[in-house]
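Here's the structure, in structure tokens; my notes come after.
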Ligand SMILES: Cc1ncc(COP(=O)(O)O)c(C=O)c1O
């Protein structure tokens, strides 16, 4: 944002870019939205994008790209091995993030796969602020177990604590002391996705680094949304307001032994990479790349995307370009909170997060409140959000449900994609749904996959409540 003084003495935050390409949106009538979600097994992942009005499923791979990124894609050099574009990309990683060994992978979870293969063994643990779905899956597939130790404020959706992504360092030391050599690595996710897009402070990563040094354990940072994390450090952490985002990100990443990034998120392209300054770790990891990803100079990505990542990384930490979507998230979150809708506070990055347990207190957790609310929101608005609750967990070894700490619906705001009118529409339709929340009755399984079930699972509405919701909607708001 470009921040200037307004004529009333207030601060004006103005987007430091303009739009020159647009995509037409299509709002289906509410009855067709019901049909679409039924055909999709009440799972928003299975909707066709053409049936979606505002696609707020995720920021992954759907951020707006810059003119410079698109230009770089045209002049990218295709080569199986040794492409010039790859070296431009490694130079960008070194310039922006300060890491000199760069390993390309096809997306974030591919990084998690190879890092888990190298560091995790049967019986090992990985302490972390909080898991992400694919991270947990890869650590467990490698025989390990995650230990989540966020600060206590993180699990209280009302707490306005500035850095709810922080690790509880007292608990971390206990874990390091008791598991000793069975700690594969410590993982910090910056920003913490499933905690509601909440940032990690510089102070916290510094303290975690000290503990990692004391106990001889590597520190791995998942920086898939590190652009937003450093924005919040600058905005909220004492001592950082006058530093540039470029300086802040370098300091933050400097505490990590290994950094990995889903470039579908930070850098607004499609791909991913692992980076380190440790030659030993680099050599251990690269042996897996030709097996699972591709040759070392493309790692399963299109060279065009590699060119876009290089430019996107350089742009990601520019003060005038960052923050547009964060202002929209703040606006919607504060409006919903003011009207009594349960949302995760303070407004973070990635999206607006509804607390489905409080939104739908009449639903027990085995009826999947967050999944039900996500489907209902699509019917009531054409907005595609994402379930981030019980459906996003898999059952335990005995087939029992694992109920996560938070049962959330995430309404994502991809980078530079939506406008203020869209934000107003989100507020209006969520408020309408909140007034009619008693109509939402829960979901039951039709097909339940054994792993990462939220992606492909199919469900049905208990008692045909989708039909009642549509009838009330049509009578109050009309066919759209
Ligand atoms: C924090 C975090 N880590 C890892 C991933 C996985 O990245 P990808 O979807 O590129 O595989 C994501 C994806 O959303 C994420 O948010």
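Each value in this text was obtained by applying a stated rule to the coordinates, not by laboratory testing. The structure presented is a predicted model; accordingly, all values stated were derived computationally and were not measured. FYI the Cβ positions are ideal-geometry reconstructions off the backbone, even for glycines, and counts take in every protein chain you see.
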Simple spin-label estimate for residue 170 and residue 446 in nanometres, 7 Å along Cα-Cβ: 4.9 nm
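In whole percent, what relative contact order does region 67-316 give with Cα contacts below 8 Å and a gap of six or more residues?
Working: 523 pairs, mean separation 75.7, N = 250.
Here the relative contact order equals 30 percent.
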P(r) tail fraction, the chain - alpha-carbon pairs more than 37 Å apart, %: 26 percent
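Could you line up 410, 31, 160, 18 from fewest to most neighbouring Cβ atoms inside 10 Å? Walk me through the numbers on the way to the answer.
Values: 410 26, 31 15, 160 10, 18 5.
The order, fewest Cβ neighbours first, is 18, 160, 31, 410.
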Sequence ranges 399-406, 414-421, 315-322, 135-142, ranked by mean other-Cβ count within 10 angstrom, highest first: 135-142, 315-322, 414-421, 399-406
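Return the Rg/Rh value of region 186-233, two decimal places, where both radii are evaluated on C-alpha atoms and Rh is the Kirkwood radius. Working shown, then result.
Details: Rg = 10.9 Å, Rh = 11.0 Å.
In region 186-233, Rg relative to Rh is 0.99.
How do 245, 11 rank when sorted from fewest to most other Cβ atoms within 10 Å of their own Cβ?
Working: 245 20, 11 9.
In order of increasing Cβ crowding within 10 Å: 11, 245.
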The chain, relative contact order [Cα under 8 Å, separation at least 6], %: 22 percent
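Which of the three applies to region 205-282, rounded, prolate or oblate, going by the alpha-carbon gyration tensor with a ≥ b ≥ c and a/c under 1.5 meaning rounded? Write out the running numbers ahead of the final one.
On the way: a/c = 2.32, a/b = 1.10, b/c = 2.10.
Oblate, since a/c reaches 1.5 and b/c is not below a/b.
More than 18 Å apart: what percent of Cα pairs in region 333-441 qualify?
Values: 2759 of 5886 pairs.
Summing the P(r) of region 333-441 above 18 Å gives 47 percent of all pairs.
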Overall dimensions of region 1-105 by Cα: Rg and Dmax, Å: 21.0, 58
Region 151-205 - Rg and Dmax from Cα coordinates, angstrom: 12.1, 37
Residue 320 paired with residue 292, simple spin-label distance in nm, labels 7 Å along Cα-to-beta-carbon: 4.1 nm
Anisotropy class of region 175-326 from Cα gyration tensor, a/c 1.5 cut: oblate
Using alpha-carbon coordinates, inclination of helix 420-435 to the longest axis of the chain, degrees: 60 degrees
Angle in degrees between helix 169-179 and the longest Cα principal axis of the chain, rounded to the nearest 10: 60 degrees
Residues 362, 436, 113 arranged by fewest to most Cβ contacts within 10 Å: 362, 436, 113
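Kindly identify region 416-480 as rounded, prolate or oblate by the Cα gyration tensor criterion: order the square roots of the eigenvalues as a ≥ b ≥ c, call it rounded if a/c is under 1.5, otherwise compare a/b with b/c, prolate if a/b is larger, else oblate.
Values: a/c = 2.82, a/b = 1.32, b/c = 2.14.
The shape class here is oblate.
Taking 35 Å as R0, compute the FRET efficiency from the Cβ-Cβ separation of residue 38 and residue 398 and round it to 0.05. Display every interim value, and only then the final one.
Working: r = 32 Å, r/R0 = 0.91.
Calculated value: 0.65.
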Spacing of the two label points (7 Å from each Cα toward its C-beta) at residue 178 and residue 145, in nm: 1.0 nm
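Sequence gap at least 6, Cα distance under 8 Å: using those rules, report the relative contact order of region 156-203 to the nearest whole percent. Write down the numbers at each step before the final one.
Values: 35 pairs, mean separation 24.0, N = 48.
Computed value for region 156-203: 50 percent relative contact order.
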Relative packing of peptides 46-58, 341-353 - highest average C-beta neighbours within 10 Å first: 341-353, 46-58
Antiparallel bridges, percent of DSSP beta bridges restricted to the chain (to nearest 5): 65 percent
FRET efficiency for residue 365 and residue 75, using Cβ-Cβ distance with R0 set to 41 Å, rounded to 0.05: 0.20
Mean projected area in nm² (Cα convex hull; one quarter of hull surface) for region 67-316: 12.7 nm²
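If one computes P(r) from the Cα atoms of region 354-418, what percent of pairs lie at distances over 14 Å? If you can, show how the numbers build up before the last one.
Numbers: 1199 of 2080 pairs.
Percentage above 14 Å: 58.
Starting with the highest mean, order 258-264, 230-236, 119-125 by the number of other Cβ atoms within 10 Å, averaged over the residues of each peptide.
Working: 258-264: 27.7, 230-236: 22.3, 119-125: 16.3.
Listed from highest to lowest mean packing, they are 258-264, 230-236, 119-125.
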Nearest-ten-degree value, helix 324-338 long axis tilted from longest Cα axis of the chain: 40 degrees
